[in-house]
Structures are given as C-alpha cells and as structure tokens.
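What follows is a single structure, written as structure tokens, with notes after it.
The values are calculated or read from the model by the stated rules, or taken from the named source; none is laboratory data. This one's a predicted model, so the numbers in the text were calculated from it and none came from an experiment. Counting neighbours? That spans all protein chains shown, and the Cβs are built from the backbone with ideal geometry, glycine included. With ligands, DNA and RNA removed, areas are computed over all heavy atoms of the protein, side chains included. Shrake-Rupley method; radii C 1.70, N 1.55, O 1.52, S 1.80 Å.
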Amino acid sequence: MITKISRRHLTGLALIICQLSFSTMFMSCADTWDEHYDAASGNGGAQEGSLWQAIKQNGSLSNFASVVEACGYDKSLNSSQVFTVFAPTNDNFSSAEAAELIEAYKQEKGKVNDEDNTVIKEFIQNHIALYNHSISANSNDSLVMMNGKYVKLTSSTFGNTNILSSNQLYQNGVLFTVDKKATYFPNVFEYMRKDSDLDSLSSFLYNDHFYRMRFVESQSVPGGFVDGKTVYLDSVFTQENDLFDYDFLEAELNNEDSTYIMVAPTNDVWKQLIDQYTQYFNYDKTVTDRDSLGYTMPRLAIVKGTIFSRTNNSDAQLADSAFSTSAVPSSSRSYMWGESFLHYYQFGDGTGFSLHKPLSATGVLGSGQHITCSNGEVLKTSVWNINPLNTFFQWIRVEAESAGSIREVSKVENTSTHEMEETVTPLPKVVNNDNQFYGKMGHNSFVEFEPNRTTVNPSVTFNIPEVLSNIGYDIYLVVAPALAADSNAVAAQRLPTKLRCTLDFHDNKGATVSEILQSAISTTPDVVDYLLLAEDFKFPCSTYGLIEDLTQVSLKVETRVSSTEQRTGKFTRTMRIDCILLVPHGASMVDEEAFYLSPHGDGLVYVIPKK
C-alpha cells in the first residue's frame, strides 16, 4: 500500500493535528478537533467502529468496498492510522465498473510494484486522504490525497463530484460519500506512461537507470512482525529520478506543487531524432560505459530544453520568449557559454539562433496537441520546431587562463643538470578598463607565453572538452595584441608571430590521431586576431559528458619563427592567446537566414546576418 505526501504538507499537518497515533492524538488534541468537528457538523462525536466497518456495512457503498478489499486497503482502513475517505455510491459507480478495476488490479499485480499499480494510485488513493478532514458551510480548501494529487474541497463538492453525506466521524477517521468516482488527473511525468504515442519518450524517462521508488521508513506505518521482519500497513514511497536533477532536466515533472509545459515528441518524431542525433555521440571503444553514454546522450539531447516552468514563463512572457528549465539568466551566459549573445535553451527572443516567437506555428510551443495534466500540460507534437543549434550544438570556448585549460608546455633537457625544463612561461594578463581592448576578449584576460630560451620554438597544449562527433566545427585560435596588456608596448613587443597548430583526437579504436591544421599561420599586430584553423572539421568520436584526467582532444600551438626572423625583428616567439573557439559549422545556416562568425575591426565577435 502506498502513500505519497509532500514534506511541506506533512509539516503543516503535523502542526495541526500533532501527528501522533490515533489514540494519543484524540487524547492530546481532542478539544481542538471536537470543537472544530462539532461546529462543522453538529455531530456529537465519533461513531462506533472503524472506517472499513462503516463502509462494509453501508449497502450503497458495496461496489467501492469490493475494490478496496480486493486491493488490500481494507486492512489500512481497519487500522489505527487516521484517514478521510470519499466513497462513491453505487448509483453512479456500478458493480461492472468495480469488477473492471479489480481485474485491472490483478493484471498488474506482480508485474509492477504496488506503488505503481494503476488501480491503487488512480482510484483507491484518489479517494483517500491522510488524517481527519471535515467541511463547514464556508469550506473552500485544497486537499492532498494519498497519491499526492490536490483536490478542491468545498462545502458541497469534492473535486468534480457532489458530496452526498459528510463529516461522519469513526474511530480512525472521517467518511464522506460522493455521487461518482473522482476524476484522476495524471501529472506531466505520469501522463507519458498513459499515451501510447509517447512510448519512446516514456521508456527513456522511466528507465531503471534513472528512475526508482524509495521507501521512507520514518513515514510508514508498521503493522507488526512476520518472520522477524516488520510488516507495514501503509508504506510511504517517494519517486526519485536522476534526470530531474540540476545536471540534466532541472525539472521535477512529478511534483504536484509545480506547473510545467513539456514539449513531447511522438514516437515517429522520436525515432527520426534518434536516427539523426546518435551520430553526434559516437564514443571510442575504450570509453567506460560507452553503450550507456551512447544510449543516454542522444535522448537527453532531445528532451533537454523541452520543459518550461510556468513560474518563469507567464502567458505574457511566452508571447515573446520561452525560457526552458535548462536555460541560464542573461547575466550568466558569458560564464556558462563564453559569449553573452549565446542563449541556449531559450527560444524566440529575436536574437541568435532562435528567431521565431514561441507560440507561432514554427515556434517551440506553436505546434501540437495540448493535454491538461495535474501540474501543467503536455504539448504532444509530431512537428519538431527545436533547432539543435539552440540546444546541444554549442560553441566550445577554451579560455587560456582558465584552470585546467593548459595541459602542458614544451620542455627541453638541461645539459648540465639533465633535468627537463620548460621552454616557456605562461603569464596571465589582465585588460584594464581604460585600455582600448577592454571588453573585446573573454573575461578581459589572456595568457602571454614568454620564451625561456632564445634558440627554441616553444609550444603550449590546450585541453578541449565536450566535443560532439560528426557535426563539423569551425576552429579558431583567438590571439591577443601586446597593447591589450600594455598600452605603451613598443614596436619590438608588438611584432607578429607564426604558429603551427596541431589537433590530437581519438579514432574509433581509441588510438590518438594527430592532424596539423595550420603549419605556419601568421598573426596580425595590434588587433584581436581570429585565426581560422579549420573549417567544418568533424571529430570521429565524441567526448561529450566524459570526465577525463586528460581530454581525448587537445590543440598544440607552437611558434614557427626562424632564428633569422627573430634576430631581424620580423617575428617574435612570444605568444599571446585569449582562447580557442570551436563553433558548430551549421550555425551558418539557421531558419533560412544565413549567419556567420565575423571578427569586426574592433575585435568583437558577432553573429550577424550575412549580406
């Protein structure tokens, strides 16, 4: 037997009724309860017997009683635990309907956990609440049922039913009779299991790897011992799903206290997206949990960004922009995505890659069937209006000064000590707010790599995380000018340099492949220079979601300046690196509007319409 009730409501109810056992409660809280009960009903006190005995002896409740008994809830309603029951009479709840429910219960019993049995959750627990509740002429409350659903309770109605009799107090609770069975409204999470068109989505969300029911012993009611083990009259379970956590969907879709809109792809759309997205999450054969990642990541890529909390999305706001639970505030975009104009998982604000208003026919919320749920609505759609460029096709920005960005710098052997010594020293630099280049580099900082030896071309290797496979990246090296750190830098300090850039990555077997992207590319003095190293470069293997000591993908940047070029003052071996950018090549075509990465004369990077 299963009960579900939020911690907030348990706390509130505990304050009201002392949350003691039935007998103790009526001794310590009796005056308060009796005064309220007598005022509400005019009843002189509790009647003889338990709730179950009252239901069993009431001929007009025989059909309801047969389902309660078949599902084993007669034991609970005959125990010392306190309940309020809203029992539908036989007039509009027939024996045939009762028999159908009993058969459905038997069909599921043993195949699903009791807490997931449809009849228990959607019928039995939909008519029973924990603790004593009564009504008066002015009642207008929201009552939480055992399945966690909120039902409006007034002086004459219980949800969509009419109350026929009320406030019948028995030894372990209160009995109401109602004119029909109460309608069960699934929440967004529960609805997925009820719609065969959403089987694929449901299968992912309810996958045993993420979803579980956790027994809460402290809130469960023991009923004695069998073979030395405690047997519980009522067992409290809570639903847990790792996908609801911060790192994934950031939305508790089963929470009755929240309200969501979820865009739900039908099975046909799901299959099309899986067929397309799987190629972007191809992990090499040496990766631990390769199969699990290959299953999870494409599916998470579909679902992430499809959930919208109504707390952050009013009707007025949705007319212009939809802010999903995976989006971040504008103040955090630079920190999260590297650029303030990037607004992943936010749709329709007229900038970047999401131009269509959310509620338009081509918007994220503009197509599909709206299905009302107890905590919001599901938008079931066979038309997918979410562009991956606005979700998981993301820029990768590796800031040179960030912790963990530098894997290593080049070393040579000291002939005297035979120890390996670094040939270059990384020197973090800050762009002051009075400098002409302030605001034109990430976090207004970069790293200057100063050679330690005049006879060696130094190098630095950067870690590149979270790449997708097979999408195609335009790879840029962003180089800072000497003037950015020193407005008085002299000509010798402002010389260009020549660079060779080599990309290392894994093939499908896990072997490292090295590819020279540029053999001798020159920088331009006195500008923030965006050096295009590769266009539409496709990695054979993804590293998205991997936690690695050393990333599979790295970029080695080394100077290619000869001694003569250095001596004659044509080039310098000093490197000043702001960041490495990997921009999805597909960003150049969005919604039939052409966009591209454009370094302007002022050193800023914009995504602008192509002329």
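Can Thr84 be described as out of contact with any helix residue (DSSP H, G or I) (no Cβ under 6 Å at 6 or more places or on another chain), at pLDDT 90 or above, over 16 Å from Asp179 (Cα atoms) and among the polar types (S, T, N, Q)?
Spelling it out, Thr84 is indeed out of contact with any helix residue (DSSP H, G or I) (no Cβ under 6 Å at 6 or more places or on another chain), at pLDDT 90 or above, over 16 Å from Asp179 (Cα atoms) and among the polar types (S, T, N, Q).
Only one of these is of a type outside the set (Lys, Arg) and free of Cβ contacts under 8 Å to residues at least 40 places away in the same chain: Ser202, Ser134. Name it.
Every option except Ser202 fails the conditions.
In the list Lys304, Lys285, which residue meets the criterion of being farther than 20 Å from Phe347 by Cα and either touching a Ser or Thr at 6+ places or on another chain (Cβ under 8 Å) or in contact (Cβ under 8 Å) with a residue 12 or more places away in the chain (or both)?
Result of the check over Lys304, Lys285: Lys285.
Go through segment 526-542 and report how many residues are out of contact with any Asp or Glu (no Cβ under 8 Å at 6 or more places or on another chain) and either among the hydrophobic types (A, V, I, L, M, F, W, C) or open to solvent by less than 60 Å² (accessible area, probe 1.4 Å) (or both).
8
I'd like to verify a number: residues in segment 148-197 that are under 26 Å from Ala264 (Cβ atoms) and basic (Lys, Arg), how many?
The number of residues fulfilling the criteria is 3.
Would you confirm, using the coordinates I've provided, whether Asn488 is touching a residue at least 40 places away in the same chain (Cβ under 8 Å) and either part of a loop (DSSP other than H, G, I, E, B) or under 30 Å from Phe248 (Cβ atoms) (or both)?
Considered against the rule, which asks whether it is touching a residue at least 40 places away in the same chain (Cβ under 8 Å) and either part of a loop (DSSP other than H, G, I, E, B) or under 30 Å from Phe248 (Cβ atoms) (or both), Asn488 comes out as no.
Return the only residue of Asn132, Asn138, Asn207, Asn167 being touching a Gly at 6+ places or on another chain (Cβ under 7 Å) and either outside any strand (DSSP E or B) or open to solvent by less than 60 Å² (accessible area, probe 1.4 Å) (or both).
Testing whether each residue is touching a Gly at 6+ places or on another chain (Cβ under 7 Å) and either outside any strand (DSSP E or B) or open to solvent by less than 60 Å² (accessible area, probe 1.4 Å) (or both) leaves just Asn132.
Within segment 147-164, how many residues turn out to be of a type in the set (D, E, K, R) and buried (at least 20 other Cβ atoms within 10 Å of the Cβ)?
1
Looking at Thr325, Thr286, Thr296, which is the one that is modelled with pLDDT of 90 or more, part of a helix (DSSP H, G or I), surrounded by 13 or more Cβ atoms within 10 Å (Cβ to Cβ) and among the polar types (S, T, N, Q)?
Exactly one residue qualifies, and that residue is Thr296.
With the requirement that a residue be within 30 Å of the chain's Cα centre (by Cα) and small (Gly, Ala, Ser), what does segment 533-583 give you?
Ser542, Gly545, Ser554, listed by residue number.
Could you check segment 61-120 for helices (runs of 4 or more DSSP H) lying wholly inside it with 2 or more residues that are in contact (Cβ under 8 Å) with a residue 60 or more places away in the chain and among the hydroxyl-bearing types (Ser, Thr, Tyr)?
73-77
Here is a yes/no grid of residues against (1) buried (at least 16 other Cβ atoms within 10 Å of the Cβ); (2) modelled with pLDDT under 95:
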| residue | (1), (2) |
| --- | --- |
| Thr455 | no, yes |
| Thr461 | yes, no |
| Ile464 | yes, no |
| Ser469 | yes, no |
| Val478 | yes, yes |
| Pro481 | yes, no |
| Leu503 | yes, no |
| His506 | yes, no |
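Which condition does Val174 not pass, out of (1) in contact (Cβ under 8 Å) with a residue 60 or more places away in the chain; (2) open to solvent by 10 Å² or more (accessible area, probe 1.4 Å); (3) not polar (S, T, N, Q), if it passes all the others?
Just one mismatch for Val174, condition (2).
Please verify whether Tyr335 is out of contact with any Cys (no Cβ under 6 Å at 6 or more places or on another chain), crowded, with 18+ Cβ neighbours inside 10 Å and either at pLDDT 90 or above or not small (Gly, Ala, Ser) (or both), treating the condition exactly as stated.
no
Tell me, which residue of segment 88-114 that is under 16 Å from Leu61 (Cα atoms) and within 39 Å of the chain's Cα centre (by Cα) is surrounded by the most Cβ atoms within 10 Å (Cβ to Cβ)?
Restricting to residues being under 16 Å from Leu61 (Cα atoms) and within 39 Å of the chain's Cα centre (by Cα), the top hit is Leu101.
Taking the condition of being part of a strand (DSSP E or B) and modelled with pLDDT under 95, how many residues in segment 174-186 meet it?
0
Take Thr574 and decide whether it is modelled with pLDDT of 95 or more, open to solvent by less than 10 Å² (accessible area, probe 1.4 Å) and touching a Pro at 6+ places or on another chain (Cβ under 7 Å).
no
Quick test for you: out of Leu273, Leu249, pick the one residue that is modelled with pLDDT of 90 or more, outside any strand (DSSP E or B) and not basic (Lys, Arg).
Going through Leu273, Leu249 in turn, just one is modelled with pLDDT of 90 or more, outside any strand (DSSP E or B) and not basic (Lys, Arg): Leu273.
Looking at the structure I just gave you, is Ser202 open to solvent by 40 Å² or more (accessible area, probe 1.4 Å) and either out of contact with any Cys (no Cβ under 8 Å at 6 or more places or on another chain) or assigned to a strand (DSSP E or B) (or both)?
No, not satisfied.
Please work out which residue is modelled with the highest pLDDT, limiting yourself to segment 299-322 and to residues that are polar (S, T, N, Q) and part of a loop (DSSP other than H, G, I, E, B).
Thr306
If the Cβ limit is 7 Å and pairs must be 6+ apart or interchain, which residue in segment 180-194 that is open to solvent by 80 Å² or more (accessible area, probe 1.4 Å) pairs with which residue that is of a type in the set (S, T, N, Q) and part of a helix (DSSP H, G or I)?
The qualifying pairs are Arg193/Ser202.
So which residues in segment 64-81 are at pLDDT below 95, open to solvent by 60 Å² or more (accessible area, probe 1.4 Å) and within 20 Å of Glu115 (Cβ to Cβ), if there are any at all?
The one that is at pLDDT below 95, open to solvent by 60 Å² or more (accessible area, probe 1.4 Å) and within 20 Å of Glu115 (Cβ to Cβ): Lys75.
If only one of Ser519, Ser487, Ser514 is touching a Cys at 6+ places or on another chain (Cβ under 9 Å), open to solvent by 50 Å² or more (accessible area, probe 1.4 Å), more than 17 Å from Gly569 (Cα to Cα) and of a type outside the set (A, V, I, L, M), which one is it?
Ser519
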